[in-house]
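To start, the structure itself, in structure tokens.
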Amino acid sequence: MLEVTGLETFYGASQALFGVSLTVGEGEVVALLGRNGMGKTTTVASIMGLVPPRAGGVRFLGRELAGLPSHAVARAGLGLVPEGRQAFPNLTVRENLVATAANRFAAAAPWTLERVYALFPSLAERSGNLGLHLSGGEQQMLAIGRALMTNPLLLILDEATEGLAPRIREAIWAALRLLAGSGQSILVIDKNVDVLMDLAARALILEKGRVAWAGRSAELQGQEALRHRLLGV
């Protein structure tokens, strides 16, 4: 479904990515791992057209997306849950959800307000609240719901549960497990490696803008020395 090859991305004169490649198959969950500052968010931003790569390709369902503006990438079927949530502060929960709602690919059972509220009941309870009045956990649920309302073919989450209370984290993981079970393709970044390894079929670890390791999640679970070297603080 998604094929990223040889991404090289810069911020001014500083190179952030050095030939990053990854794939996500249809119905597959892939984890993108690494310590802070290793290039995970830049990889996502490069895929989404927020920071255009200077070299490399981003093919989605056979179509080249590298170089396209971010709105065109989104319309191609990629839904982003950005780091920092970025809910519209002066729109209500409901308005946030319907603002970019679309069913461009004629899904038989599209995501609707009712489905999002069923996935995250606390959003239904706060449907009329402004985004700025939500807790961090509620804002993250809203960001996921907003992305789902675009009915994406591939859902990308940057720091899925960072900074959230344990109860909220578990609600997010439960939702992602449900999505994965329904066949939703997902690329996810998070620091909770053990939970991710149970959710994702494959994982990649970035180090200083390069893919330092890639393989099956089951392989990574048994490599404590590797995890400590590439993921330890």
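Taken together, the values in this text are just the output of simple stated rules run on the coordinates, not laboratory data. This one's a predicted model, so the numbers in the text were calculated from it and none came from an experiment. Because the Cβ atoms are built from the backbone with ideal geometry, glycine has one as well, and the counts that use them run over all protein chains shown.
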Report ³J(HN,Hα) in whole Hz for each residue of the range 76-90, in order, from the Karplus equation J = 6.51 cos²θ - 1.76 cosθ + 1.60 where θ = phi - 60°; Gly and Pro get x.
-> 6, x, 9, x, 10, 9, x, 4, x, 6, 6, 5, 6, x, 9
Among 192-198, 74-80, 36-42, how do they line up from the highest to the lowest mean number of other beta-carbon atoms within 10 Å?
-> 74-80, 36-42, 192-198
Could you list the square roots of 5 times each eigenvalue of the Cα gyration tensor of the range 103-213, that is, the equivalent ellipsoid semi-axes, sorted largest first and rounded to whole Å?
-> 25, 18, 12
State the Cα centre-to-centre distance between the range 104-145 and the range 167-188 in whole Å.
-> 14 Å
What is the sum of charges around S46, taking Lys and Arg as +1, Asp and Glu as -1, for the other residues whose C-beta is under 15 Å from the C-beta of S46?
-> -1
Residues of the range 184-203 with backbone N under 16 Å of the label point set 7 Å from the Cα of Q221 along Cα→Cβ are 192-203
Go through the range 208-224 residue by residue and turn each phi into a ³J(HN,Hα) via Karplus (6.51, -1.76, 1.60, θ = phi - 60°); whole Hz please, and just put x for glycine and proline.
-> 6, x, 10, 6, 8, 7, 8, x, 6, 4, 4, 5, 5, 4, x, 10, 5
Viscosity 1.567 mPa s, temperature 4 °C, Stokes-Einstein D of the range 83-152 from Kirkwood C-alpha radius, µm²/s | 110 µm²/s
Which of T112, T9 comes first, and how do the rest follow, when ranked by fewest Cβ neighbours within 10 Å?
-> T112, T9
Solvent-free Debye scattering, log10 I(q)/I(0), computed from the Cα coordinates of the chain at q = 0.11 Å⁻¹ | -0.54
Name the residues whose placed amide hydrogens come within less than 5 Å of the amide hydrogen of A66, ignoring near sequence neighbours (fewer than 5 apart) on the same chain.
-> V58
Local net charge near L65, Cβ-Cβ under 11 Å (Lys/Arg +1, Asp/Glu -1) = +1
Between 0 and 90°, nearest 10: helix 136-148 axis offset from the chain longest Cα axis = 90 degrees
Taking N as its residue count, the alpha carbon Rg of the range 7-102 over 2.2 N^0.38 Å | 1.18
Subtracting the Cα-Cα distance from 0.36 nm times the residue separation, let me have the gained length for A165 to T5 in nm, one decimal.
-> 54.0 nm
Work out Dmax and Rg for the range 159-233 from the C-alpha atoms and quote the Rg first, both in angstrom.
-> 12.9, 34
